[in-house]
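Report on one structure; see the data block that follows.
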Amino acid sequence: MEAAALRNSVPPDRTTPFFGFVWAVVGLAVGVCAVPLLALPAELPRLPLAFWLMAALAVSFDARPFSPHAERRSMSVFPSICFTFAITLEWGPGPAIAVQAAAVLVSGWRMRYASWRTIFNIAQYACALVAADAVVRLVPGDGFGATGRLRPLDVLVAVGAAGAWLTVNHGLVATAVRLRFGGRWWTRIRQGLGFELLATGSLLLLAPVLVAAARTSPALVPMMVLPLYAVSRMARLSAEREQLARLDPLTGLPNRAALRAEVTEQVAAHAELAGKQAPGGHLALLLLDLDRFKHVNDALGHAVGDRLLVEVAGRLGTVVRPPDVIARLGGDEFAILATRLDGVADARRVADAVVGELTDPVPLDGLPLDVGGSIGIALYPEHGGDFATLMRHADVAMYDAKHRGDPVAVYAAESDHNSAERLSLLADLRRVLETGADDAGEITLYYQPQIAIATGEVVGVEALLRWRHPRRGMVDPEELIRVAEQSAVMRLLTRRVVDDVVEQLAKWSAAGLELRAAVNVSVRDLHTGEITDQIAERLAQYGVPASRIQLEMTEGALMADPRRVLATITRLDRIGVAISMDDFGTGYSSMQHLRRLPLAEVKVDRSFVLGMTADADDAAIVRSVIELAGALGLRVVAEGVEDERTWRLLHEAGCDVAQGWFFARPMPAEDLVTWLARYRPVSPTPRLGGTAPAVAEPDGAVPAAGKAAPVEAGAAPVEAGAAPVETGAAPVETGAAPVETGAARVDVGTARVDAAAARLHPSVE
């Protein structure tokens, strides 16, 4: 949208071609108008009263031209056109050009045009009037209206002259706008053509009526004022209604419809720049959503909320300058269209300026209100080539910023949970869960053992979700969860995993393995509370005690809606289902959670455990969590144990349980039984002589002291792309008694297999 402050400016990279065209038009006007203007002094004394009345009215009307769009003065309507065109028809182009020049000087002064713009307007009108006069001269005989009365032929000539005037004038203006702002030439020609034909065309076609009135009596000329005013007034009211439809009534900013039109126009202009690889070929759509605005409305009322929005709009106007555009999309959402950028760094600078402007509280009625907001950025052409795509991607980036707690985020495809590819993947996931369709792949659970560090005994397993897609192969576990948890499919996935885990517990129990399993639930599950009824129903159906299943939740799930989440986990605790806090330390860690929630276990996130041996800070964090949980009577599980040194450090810190590739990789349920039959527990306490314990191969061979060998001969093969298995799966005492692999009851040493933590969410281990 061409702002008023931009009327007299020209982009630096377009100065030469634009002003070259301007002065070429001025030169053309001087050439074609020289003869009529030189003859004007001799004609003036002979001009009748009707001419002088028309001239006075033309200049007076243009002192306040009609502009349907307050910010787009190039769309203004100048009533002088009616009078100067009538003068051309009746007395020739010389007097008409002189009157038009006087009217343009007055309107240019009132509208604060730059001198070059006023001169160009005079030149464009002069060329248009000369073109109209050329058509009039085509009339055979003595000329236009030579008989004293306008003949049908004269009317046709007047229509043709009006067409010539419109063609020349609109063509010159459209070319100037294209050279000034860019874009395709044909697009600029079409822009505003309908308005030009209706508004300016109406004024031109009134000119023959004005000529007929002047020939009858000069007294009839002033009577044209009222009809012109009435037409202008009705057109103004109609345009104001149209304008209101494009403006936000509260802030006065452009609305979504106006923003769409502007983005479409700017995309065309920037496409040309990008095609030429010229600087400034990018534009950015920034979507701003205010933080905590709902709290203001709820606490102080909508009137205060409206005043806050008006204040925010004003602040945005101080940092966003023309030709960039600010729009209000509704509610507490604003959009900023930033043009002529060189890349994402420029867009970030605009976003950072907005964030800085909203940092200070807004004082309303003596109460300082913190505003703040989250901004998502979508860049043209990288993130889309039309308004709908850019808007959707900016919206994705904005929610990504909110999710990460950052004030600004740039669109990233991996954050787009609604891309075409992910929607297709989501549809396949729904089909495989609802119907088990073969062409949608197979959902399975893998289990990874958990080891009591002090004794080396197996005390749990973690179930890891796997989906082998028929076309994409093994789907990345993190992507699988991102796709599911943003939709209702997560509910189906939870039901499937709960059913499979409880059924597997029953099978293991029938085979003599009394295991306890845990399921990691999503935010959606904890909000609805439906999972409590589902677990109770499945446990009763398979005859599995509630103490055999444990649920894991993240702190993020708790903070999403603490009241409803607390109600759900309290119900689960009452029926005997243990609760574990997963990924502790990576979310909204709070001592209050550990004190008030019915927790049985805390799991230290793998990101801290993996860095224990190399990063003193990570080691200190792990030790602190272990001490805190121990003081509260909670069991501590360390995820991501990859080597023997980490295993021993965790033992020294007093950690209860560990899991990771050092002990075993995830495996199908049937392979877990085989692995348990071959496993021998070992303590991390150093042997005499300070050497590491020897580890027995599955077939009984003994490697050199201090070495570790995998004890997973029956484990599932490594998934494609997975990290190599640490040589050193759980050590086994070399003197341990052999295990009868064919026994009906598998004895896992002195340990009772007490599986803890079959997770719903897949691990990336």
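Bear in mind that the values in this text are calculations on the coordinates, not laboratory data. Here the structure is a predicted model, which is why all the values come from computation and not from measurement. All Cβ positions, glycine included, derive from the backbone under ideal geometry; neighbour counts span all protein chains shown.
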Completion exercise
Long-range amide H partners of Arg151, meaning residues 5 or more apart or on another chain whose placed amide H is closer than 5 Å, are Gly145
Fill in the blank from the handout: Candidate cut points under chymotrypsin sites (Phe, Trp or Tyr not before Pro) in region 374-443, DSSP loop plus at most 13 other Cβ atoms within 10 Å of their own Cβ, are none
Practice task
Highest first, please rank the peptides 203-213, 126-136, 470-480 by the mean number of other Cβ atoms sitting within 10 Å of their residues.
Solution key: 126-136, 203-213, 470-480
Handout entry: Net length gained if the chain between Asp615 and Arg190 were fully extended (0.36 nm per residue, minus Cα distance)
Key = 146.5 nm
Exercise for the section: Any chance you could run the full-extension gain for Thr444 through Asp360? It's 0.36 nm times the residue separation minus the Cα-Cα distance, nm to one decimal. Expected result: 25.0 nm
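If you average over every viewing direction, what projected area does the convex hull of the Cα atoms of region 436-558 give, in nm²?
Convex hull of Cα atoms, orientation-averaged projection: 9.1 nm².
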Fill in the blank from the handout: Which residues qualify? For Arg292, with a placed amide H closer than 5 Å and at least 5 residues away or on another chain, they are none
